[in-house]
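What follows draws every value from the coordinates through simple rules; no lab data is involved. These numbers were taken from a predicted model, which means no experiment stands behind them. Quick reminder, even Gly has a Cβ in these numbers, built from the backbone with ideal geometry, and neighbours come from all protein chains shown.
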Amino acid sequence: MPHASPQLAAALDVLTTLRAAGHEAYLAGGCVRDLLLGRDPTDYDVATSATPDIVLQMFPRTFAVGAHFGVVLVADQPENPSEESAPPQVATEVATFRSDGVYSDGRHPDQVRYTLSPSEDVQRRDFTINGLLLDPLRIAPELSSQDLRPAVLDHIGGLADLDAGLIRAIGDPVRRFEEDQLRLLRAVRFAARFSFEIEPVTFAAVRQLAPRIRSVSHERVRDELTKMLTEGRARRAFELLHSTGLLAEVLPEVARMPGVAQPPQFHPEGDVWIHTLLLLDQLQPGCSPTLAWGALLHDVGKPPTFRAAPDRIRFDGHVEVGVALAADICRRFRFSNDDTRQVLVLVEHHMRFADTPRMRASTLKRFFRLEKFDEHLALHKMDCLAAHGNLDCWNFVRQRLAELPAEAVRPRPLLTGRELIAAGYPPGPAFKDMLQAAEDAQLEGTVATETEALALIRARFGPAHVEA
Ligand code: ATP
Ligand code: MG
């Protein structure tokens, strides 16, 4: 098997123990798919004929995480017994073979029925490539992904779809999406992640039921979208969201982008949607979620501000409108306050790079002080490469950042309120302007000492006794 990871070793231990006690047990679902594709699975799931009660009894450290659905987490044994209560390093999810009853809430089966039949179990899984079982005890541990095939139990045609690169629902697609509407987004996510096609009948069912995605909680939709944005191939994921009709349901603000023309002299690539897709194309696997959402939403203010002015197409106020729309989206999707702030600040400042070569030193340094400035820089680079390709401003900013020591960007202030009071100024609202003026001059390099800064304050705001 590809890389013998601690997770795999733990899953094999669990399997061996279950088998030794006379139960059926296999690796199941996403990990089998990933092993066959030669990818490293993120986690290993075991499917077994043993009921949750039995699994809970058989292993010393267990957590009944989804006991209702027959899922038990089996943790590895701590080497030191005094760490018994410490969180497990490696845990294997063990799910009892089951068939799911009716789904009346569009998300969870009303009841599950345990079964001894692995072929019944795979029928409840979503897509054929996610419905494969693997008996790893039948093969030598160091075998490659091709050689795993004889150990695969394929009850649903998953191997053929894996070879053909197809996402196909198990059973009747319409029924399967009606049961659980999150599967609509999962179909898109897996198709994008593996560069697979969605099989035509499954695709038609996604299109037909796309409006039903609204019954899935905003948090779950957000998590799926964030995965699509940060797993690599975000462009393909968003093309599929668009062509299935899901985009208009989950992000109507973004679904307005196609067909919104841009001035060709600045955007030779085409309309706002093409431009946005070209940004998404540059998002690397594992990239920061806030950067990814910032890239998706940076021009979300363009469709509502489009205007064919006499000279050229204009988007007056698109940044402000974009910030407001992005705020609505972050609120709707229940982003954390920190993530919301970062996404909004990315949208708000994305046009400022063009001004950087002409900025006063104090303005530039304040710009550099933005939290996670590397994300601003990365967004600007993607924005340029998705349009005219001119990286002059990006290079200018990188060069200035490299030249400026941290204390030049964020020097210790020469003055605080305390020095102003000591100099005889009464505390009041004017302090803010005074301190800002002193800091500006410090950042410009026109004052370097407290005495010089106070002289500047006297010259600009009048001597202390006049105000007193
Ligand atoms: P990932 O690599 O993203 O974790 P995965 O296939 O492992 O992909 P999980 O969400 O971890 O996906 O689920 C594990 C397995 O459980 C899936 O492979 C699939 O067999 C089954 N499964 C998960 N979610 C659903 C669902 N909504 N409907 C039906 N089966 C599901
Ligand atoms: Mg998984």
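Quick notes on this one:
- Remark on VAL65: its backbone amide H falls under 5 Å from those of LEU73, a criterion applied only to residues 5 or more positions apart or on other chains, H modelled at 1.01 Å from N.
- Span from the the range 403-468 Cα centroid across to the the range 48-79 one, whole angstrom: 65 Å
- Per-residue [θ]222 nm for the chain (sum of -39500 (n - 2.57) over DSSP H runs n ≥ 4, rounded to 500): -14000 deg cm²/dmol
- Less than 5 angstrom separates the built amide H of TYR44 from those of GLU93, all sequence-distant by 5 or more or on a different chain.
- Where a label projected 7 Å from the Cα of ILE274 along Cα→Cβ would reach, residues of the range 385-422 with amide N under 17 Å: 385-390
- Shape analysis of the range 417-461 places it in the prolate category; the axes a ≥ b ≥ c from the Cα gyration tensor give an a/c of at least 1.5, with a/b above b/c.
- Positive-end extreme of charge dipole, the chain - chosen from ILE156, ALA402, GLY317 (charges on Cβ): GLY317
- Length-normalised contact order of the range 302-352 in % [C-alpha pairs under 8 Å, at least 6 apart]: 31 percent
- Helix axis angle, 200-209 relative to the chain longest principal axis, alpha carbon, degrees: 60 degrees
- Rg/Rh for the range 107-235 (Cα atoms only, Rh after Kirkwood) is 0.99.
- Here the range 1-164 was treated as a single set of alpha-carbon atoms; its pair distances binned every 10 Å from 0 give 11, 39, 36, 13, 1, 0 percent.
- Helix axis angle, 392-403 relative to the chain longest principal axis, alpha carbon, degrees: 80 degrees
- Alpha-carbon Rg/Rh ratio, for the chain, with Rh computed the Kirkwood way: 1.10
- Point-charge dipole on Cβ atoms (K/R +1, D/E -1) for the chain, about Cα centre, debye to 20: 1220 debye
- As a ratio to 2.2 N^0.38 Å, the alpha-carbon radius of gyration for the range 281-409 is 1.10.
- Sparse-neighbour loop sites [GluC sites (Glu not before Pro); the range 323-384; at most 12 other C-beta within 10 Å; DSSP]: GLU371
- Mean separation of Cα pairs under 8 Å and 6 or more residues apart, divided by the residue count, gives the chain a relative contact order of 9 percent.
- Once the chain from ASP328 to ALA408 is taken as fully extended at 0.36 nm per residue, the excess over their C-alpha distance is 25.1 nm.
- In a DSSP loop and with at most 11 other Cβ atoms within 10 Å, the trypsin sites (Lys or Arg not before Pro) in the range 362-458 are ARG369.
- Using alpha-carbon coordinates, inclination of helix 182-194 to the longest axis of the chain, degrees: 80 degrees
- Amide proton proximity set for ILE198, modelled H, under 5 Å, gap of 5+: ILE167
- Kirkwood-Stokes translational diffusion coefficient of the range 166-250, alpha-carbon pairs, 10 °C, 1.306 mPa s, µm²/s: 128 µm²/s
- Proximal lysines relative to LYS365, as straight alpha-carbon distance under 25 Å, when same-chain residues fewer than 8 apart are discounted: LYS381, LYS432
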